[in-house]
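S.K.: Structure provided below as structure tokens; questions to follow.
The values are calculated or read from the model by the stated rules, or taken from the named source; none is laboratory data. Note that the structure is predicted; figures quoted are calculated from it, not measured. Cβ coordinates were reconstructed from backbone atoms using ideal geometry, including for glycine residues, and neighbour counts include every protein chain displayed.
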Amino acid sequence: MTAQTNSLISTGTDDKTPLYWKGSEQDIGYSDPQIQSALLDLNSPCYLIKDSQGIGAATSGQFTDSDNAGKNALAFAPALPVENLGDPEFKKLHGCKYAYLAGSMAHGISSKEMVIALGKAGFLASFGAGGIVPDQLEKIIQEIQNALPNGPYAFNLIHNPFAEAMEKSAVDLYLKYGVQTVEASAFMDLTRYVVQYRAAGLCYDDQGNIEIKNKIIAKISRREVALRFMEPAPDKFLKQLLADGLITATQAEIAAKVPMADDITVEADSGGHTDNRPLVSLLPSMIALRNEIQEKHNYPQPIRIGAAGGIGTPESTLAAFIMGAAYVVTGSVNQGCVESGTSLHARKLLTEVGMADVTMAPAFDMFEMGGKLQVVKRSTLFPMRAKKLNDLYNSCKSIEEIPAEERKKLETQLFKKDLDQIWQETVDYFQVRDPEQINKALKNPRKKMALIFRWYLGQASHWANKGEKGREMDYQIWCGPSMGAFNDWVRGSYLEDYQQRKSVDVAMNLLKGAAYLYRLQQLKNQQVWFPAKFSTYCPVPQ
């Protein structure tokens, strides 16, 4: 072959001690496809050499200081299996092969099928337990444990300041069935229930070392909340739990010595609850905070910091690892996978979402507090209608204060039912989940109005998950801009088809792409430059 068969350029200087490549000439590939193939062989090293035929690549041989028929050594990238990405302690603790977590999405969007499929392939995934009633959650715990008796799997523990009973029931079930990893999300501060889960799994082993059986991965976007999970459990909660007989004196003693969380997931601009903060700013800040806390407490095992929000391409995956993330967390991109608990309509719509097709809207669980979450705005009126409810809540003190014309619009366009009927359905809903909410509403007209408005906000996500006919314009689909980036990346590949998007394939391609791009950058750092087509990793079936 001639030197024109590839377009690599070496600008390396010749003032260093010359090295040569030693190996079989038959193993050298000189064309662009052959060189890229060598780079894609992640389990083998990649040697770049230069001789009379041009620049070539080999996955075998070695560099030497002895001349070997004029085959000059240009650059070298060691093997990088995808299981080597991230912190090995994360993989060891959670019993997974890869430093990757498929994060929880409420109402079972991150379904038991997704958790099981990823778990069998060596990935950790968290079941979206938010909003799932206790009886149903209990069955799902049993199904996942039967399918993955040795793990890995996790369950979400979502905080809702207006539904304390749901958090309590989830913790009770996790302790009953020995669920050893929970992903704690939406917490603004610690609660006695998350502290109970943590403390109830503490003991000393036969050698007197602390053993932590109940592991917590806390998904957080604010430093002040991260600090709560990096510090040991507050004494006030431990005293309450001890007095109530929910933990032992030994467990309370150990809880004062260990952090509340084993891992902190830094949640940047993501789908659902988010502060829309950029990962490149938030992650270094959280790592610095972790370092301060480690210096203070000198934990035997430092808390690991993972990255979530915006992870939807090999480039963003690699960027997170390069910035120091121990593991990466995906969310929005999993919702578009075949195992997702959402509807076919929603999954198909997600393939059309661009990075600008998302917006913030009032949140069901934090409506009274003004909480918002990020959703799809393409092909749905939900964000605009949810904002209308928020405006009415801020301007009226009760349902009765809503102007007659506005009330008629609500009943005919949004609720499509009389508000009195909606109230009765709201009562039925909370009687199963948290009866205290109804008691408060009967004493507070504004609280009653909030619960009625929350009926729409809650139903909108259920309609999207079920694919409710006639309600397409009200679908609430949680999504971040990573979905648009993902769609741009997979366009033209087999993953462009929403029926081909399997969660394991998405995970493997993200990690393989990140490893490939890292090796490419290693070679660039050695002054070998590649044509633009090399800088894109194309998804391949797994």
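S.K.: Looking only at residues in the range 219-254 that are touching a residue at least 24 places away in the same chain (Cβ under 8 Å) and in a loop (DSSP other than H, G, I, E, B), which one is surrounded by the most Cβ atoms within 10 Å (Cβ to Cβ)?
M.R.: Checking each candidate, the answer is Ala233.
S.K.: Evaluate the range 238-255: report whether one residue or more is modelled with pLDDT under 95, assigned by TED's automatic domain parsing to the domain that holds Ala325 and within 30 Å of Ser110 (Cβ to Cβ).
M.R.: No, every residue in the range 238-255 fails to be modelled with pLDDT under 95, assigned by TED's automatic domain parsing to the domain that holds Ala325 and within 30 Å of Ser110 (Cβ to Cβ).
S.K.: Hey, another quick one. Where the second residue is surrounded by 18 or more Cβ atoms within 10 Å (Cβ to Cβ) and acidic (Asp, Glu) and the first is touching a residue at least 12 places away in the same chain (Cβ under 8 Å) and part of a loop (DSSP other than H, G, I, E, B) and lies in the range 427-439, which pairs have Cβ atoms under 6 Å and are six or more apart or on separate chains?
M.R.: none
S.K.: Which members of the range 292-325 meet the condition of being part of a helix (DSSP H, G or I) and hydroxyl-bearing (Ser, Thr, Tyr)?
M.R.: Ser316, Thr317
S.K.: Within the set of pairs 6+ apart or on separate chains, which have a first residue in the range 270-283 that is within 26 Å of Pro161 (Cβ to Cβ), a second that is assigned to a helix (DSSP H, G or I), and C-beta atoms under 8 Å apart?
M.R.: Ser270/Ser332; Ser270/Ser482; Gly271/Ser332; Gly271/Gln335; Gly271/Ser482; Gly271/Met483
S.K.: Moving on. Tell me which residues, restricted to the range 195-218, are out of contact with any strand residue (DSSP E or B) (no Cβ under 7 Å at 6 or more places or on another chain) and in a helix (DSSP H, G or I).
M.R.: Val195, Gln196, Ala199
S.K.: Let me ask you something else. Counting only residues that are of a type in the set (D, E, K, R) and touching a strand residue (DSSP E or B) at 6+ places or on another chain (Cβ under 8 Å), which one in the range 372-392 is nearest to Asp269 (Cα to Cα)?
M.R.: Lys372
S.K.: Would you mind finding the one in Gly480, Gly470 that is outside the structural domain of Val353 (by TED's automatic domain parsing), part of a loop (DSSP other than H, G, I, E, B) and over 16 Å from Gly130 (Cα atoms)?
M.R.: Criteria check complete, one pass: Gly480.
S.K.: Which one of these is under 21 Å from Tyr393 (Cβ atoms), outside any loop (DSSP other than H, G, I, E, B) and free of Cβ contacts under 8 Å to residues at least 12 places away in the same chain: Leu442, Leu457?
M.R.: Leu442
S.K.: As an exercise: evaluate Ala163 against (1) at pLDDT below 95; (2) surrounded by 24 or more Cβ atoms within 10 Å (Cβ to Cβ) and give the number of the one condition it does not meet.
M.R.: (2)
S.K.: For the range 370-392: of the residues being assigned to a loop (DSSP other than H, G, I, E, B) and of a type outside the set (D, E, K, R), which is surrounded by the fewest Cβ atoms within 10 Å (Cβ to Cβ)?
M.R.: Gly370
S.K.: Among the residues of the range 255-269, which ones are among the small types (Gly, Ala, Ser) and free of Cβ contacts under 8 Å to residues at least 60 places away in the same chain?
M.R.: Ala256, Ala268
S.K.: All but one of (1) in the same structural domain as Val353 (by TED's automatic domain parsing); (2) at pLDDT 95 or above hold for Ala485, so report the exception by its number.
M.R.: (1)
S.K.: Across the range 179-190, what is the number of residues that are assigned to a strand (DSSP E or B) and hydrophobic (A, V, I, L, M, F, W, C)?
M.R.: The total comes to 2.
S.K.: Going through the range 92-116 one residue at a time, which ones are surrounded by fewer than 22 Cβ atoms within 10 Å (Cβ to Cβ) and within 29 Å of Ser37 (Cα to Cα)?
M.R.: Once the filter is applied, which keeps residues that are surrounded by fewer than 22 Cβ atoms within 10 Å (Cβ to Cβ) and within 29 Å of Ser37 (Cα to Cα), the range 92-116 yields only Lys97.
S.K.: Under the condition of being more than 22 Å from Phe90 (Cβ to Cβ) and of a type in the set (D, E, K, R), which residue from the range 119-160 is surrounded by the fewest Cβ atoms within 10 Å (Cβ to Cβ)?
M.R.: Once the filter is applied, the top-ranked residue is Asp135.
S.K.: Could you look through the range 255-291, keep only residues that are of a type in the set (Gly, Ala, Ser) and assigned to a loop (DSSP other than H, G, I, E, B), and pick out the one that is surrounded by the most Cβ atoms within 10 Å (Cβ to Cβ)?
M.R.: Among residues in the range 255-291 that are of a type in the set (Gly, Ala, Ser) and assigned to a loop (DSSP other than H, G, I, E, B), the one surrounded by the most Cβ atoms within 10 Å (Cβ to Cβ) is Ser270.
S.K.: Suppose we filter the range 292-315 for residues that are buried (at least 21 other Cβ atoms within 10 Å of the Cβ) and at negative phi; how many remain?
M.R.: Here the count works out to 10.
S.K.: Residues that are in the same structural domain as Ile287 (by TED's automatic domain parsing), small (Gly, Ala, Ser), buried (at least 16 other Cβ atoms within 10 Å of the Cβ) and closer than 22 Å to His107 by Cβ: does the range 186-199 have at least one?
M.R.: Among the residues of the range 186-199, at least one is in the same structural domain as Ile287 (by TED's automatic domain parsing), small (Gly, Ala, Ser), buried (at least 16 other Cβ atoms within 10 Å of the Cβ) and closer than 22 Å to His107 by Cβ, which makes the answer yes.
S.K.: Testing Gly324 on (1) crowded, with 22+ Cβ neighbours inside 10 Å; (2) at positive phi, one condition comes back false. Which one is that?
M.R.: In the conditions (1) crowded, with 22+ Cβ neighbours inside 10 Å; (2) at positive phi, Gly324 misses (1) alone.
S.K.: Can you name the helices (runs of 4 or more DSSP H) wholly within the range 69-178 that have at least 2 residues being of a type outside the set (S, T, N, Q) and within 16 Å of the chain's Cα centre (by Cα)?
M.R.: 88-94, 112-120
S.K.: Before we move on, is Phe90 touching a helix residue (DSSP H, G or I) at 6+ places or on another chain (Cβ under 7 Å) and aromatic (Phe, Trp, Tyr)?
M.R.: So Phe90 fails the test.
S.K.: Can you tell me which condition Asp365 does not meet? The list is (1) assigned to a loop (DSSP other than H, G, I, E, B); (2) buried (at least 18 other Cβ atoms within 10 Å of the Cβ); (3) at pLDDT 95 or above, and all the others hold.
M.R.: Against the list (1) assigned to a loop (DSSP other than H, G, I, E, B); (2) buried (at least 18 other Cβ atoms within 10 Å of the Cβ); (3) at pLDDT 95 or above, Asp365 comes up short only on (3).
S.K.: Next question. Show the residue pairs meeting these rules: Cβ distance below 6 Å; 6+ apart or different chains; first residue within the range 485-496 and assigned to a helix (DSSP H, G or I); second residue crowded, with 20+ Cβ neighbours inside 10 Å and hydrophobic (A, V, I, L, M, F, W, C).
M.R.: Final answer for the pair search is Phe486/Val333; Glu496/Val490.
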